């Protein structure tokens, strides 16, 4: 019976999301509307879609489970890196991205690389972006499938198809506007859900004193810097890697003007600081009151990625349904973002660049092409889900590609005049090859001469920097490179 209730609420929630997609499907008249909302998005919507896009399965699901099992230091897994990335993105890229996007009609990071460097580096950036966005979309689909299968008792495969189909349909129909409007709604849902969950969990635990008393035998549980060296590679991968996130550049580019872009970014940081602490607080409190329940139910070994679902189904009564909706809102809001952003690259950087070329296409045709590209990407992402069992595995692979293959040449494009196309190409290619090779070898259990994952990131980042700086200093700027636009102030 309980599973049926969760399923009913999922369908109600899905109908609302689908209606938003249908509503905005009638308002799409061009690629600019479909992917950037006509560059007319106000700062508060930038803030809400920024927040919803990044909170996702790790913020709503993994963080709570990690805090429950590992303690307060789990804040460094997702929360801390997110705050770092938002601050860097807003301070260094918001204004420049908005200005350059309008002046040069830029939508994607590959187009930025084509403008700043050359076609080769642009193609490599495209490959990195698609790898990254595919990894994150897969992570979201996995999160939704696990939530549905655990809470409704339906087959995992069916849960994946149901959740993936809903996210796909409303994103395909309404484009960027349906994404940011549903993101706004979902930010409110997930915010209230996480807040109430944290309050309930903390109250049941009896506060910090009881948590410390109950975890005396768990070394480092209440130490913020416990095992910090183990989290450091994650801080690098997530905190600095997410600076190269195309979905956030898309949000800055869609802002009404430069001020709206900057204001939206800083407001997002202000919201994300307390928001990301809520699942940590809930997890710490749950250590006291949830542990006995899990033992009595025979589920004491339940994994971090399923813990919050178990709580929603078995330990929170009527509020468990609302928590389920909040979790689905968090995950689906990230999924629609990655879908729309990835399809933007498929359409702009692949179809138009290599198939349309000089041929003129009108706005309606562009919207049709964009919807087809979105649908194809979703189908591929759902298929890839069967190769992963862990949300974090998919997330790590995507983030590793960001930090080792994209971050260094992207920062150089905006902030180092001497950066060259050859340097960007060498850095991106070297980082991408290293990450994929390391991931494959790690999965195969092959011994390598560098530190094991995730500390192998140090090697990847260092390789990217050395290649970028060394090759840039020994080569000249490409004749097609437009350097000045990246360093000019708005007239």
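The values are calculated or read from the model by the stated rules, or taken from the named source; none is laboratory data. Bear in mind the structure is a predicted one, so any value in this text is a computation, not a measurement. Positions of Cβ are generated from backbone atoms using ideal geometry, with glycine treated the same way; all protein chains shown enter the neighbour counts.
Details
- Apart from one condition, residue 153 fits all of (1) on the phi < 0 side of the Ramachandran plot; (2) surrounded by fewer than 23 Cβ atoms within 10 Å (Cβ to Cβ); (3) touching a residue at least 24 places away in the same chain (Cβ under 8 Å); the exception is (1).
- Residue among 9, 23 that alone is surrounded by fewer than 19 Cβ atoms within 10 Å (Cβ to Cβ), at pLDDT 85 or above, part of a helix (DSSP H, G or I) and more than 23 Å from the chain's Cα centre (by Cα): 23
- Just one residue in the set 452, 430 is surrounded by fewer than 24 Cβ atoms within 10 Å (Cβ to Cβ) and touching a helix residue (DSSP H, G or I) at 6+ places or on another chain (Cβ under 6 Å); that residue is 430.
- Scope region 408-422; condition under 20 Å from residue 242 (Cβ atoms) and surrounded by fewer than 16 Cβ atoms within 10 Å (Cβ to Cβ); matching residues: 415
- Residue count for region 205-244, restricted to those that are surrounded by 20 or more Cβ atoms within 10 Å (Cβ to Cβ) and in a helix (DSSP H, G or I): 14
- Test result for residue 16, under 23 Å from residue 169 (Cβ atoms), in a helix (DSSP H, G or I) and modelled with pLDDT under 90: yes
- With respect to the stated conditions, residue 38 is more than 18 Å from residue 307 (Cα to Cα) and surrounded by fewer than 18 Cβ atoms within 10 Å (Cβ to Cβ).
- Against the criterion of being within 18 Å of the chain's Cα centre (by Cα) and in a helix (DSSP H, G or I), residue 264 qualifies.
- Condition met for residue 461 (surrounded by 13 or more Cβ atoms within 10 Å (Cβ to Cβ), in a helix (DSSP H, G or I) and modelled with pLDDT of 90 or more): no
- Exactly one residue out of 133, 89 is at pLDDT below 90 and either within 16 Å of the chain's Cα centre (by Cα) or closer than 20 Å to residue 241 by Cβ (or both): that is 133.
- One residue stands out in region 37-61 among those that are over 13 Å from residue 333 (Cα atoms) and at pLDDT below 90: the one that is farthest from the chain's Cα centre (by Cα), namely 38.
- One residue alone among 163, 184, 139 is modelled with pLDDT under 90, under 29 Å from residue 44 (Cα atoms) and surrounded by fewer than 24 Cβ atoms within 10 Å (Cβ to Cβ), and that residue is 184.
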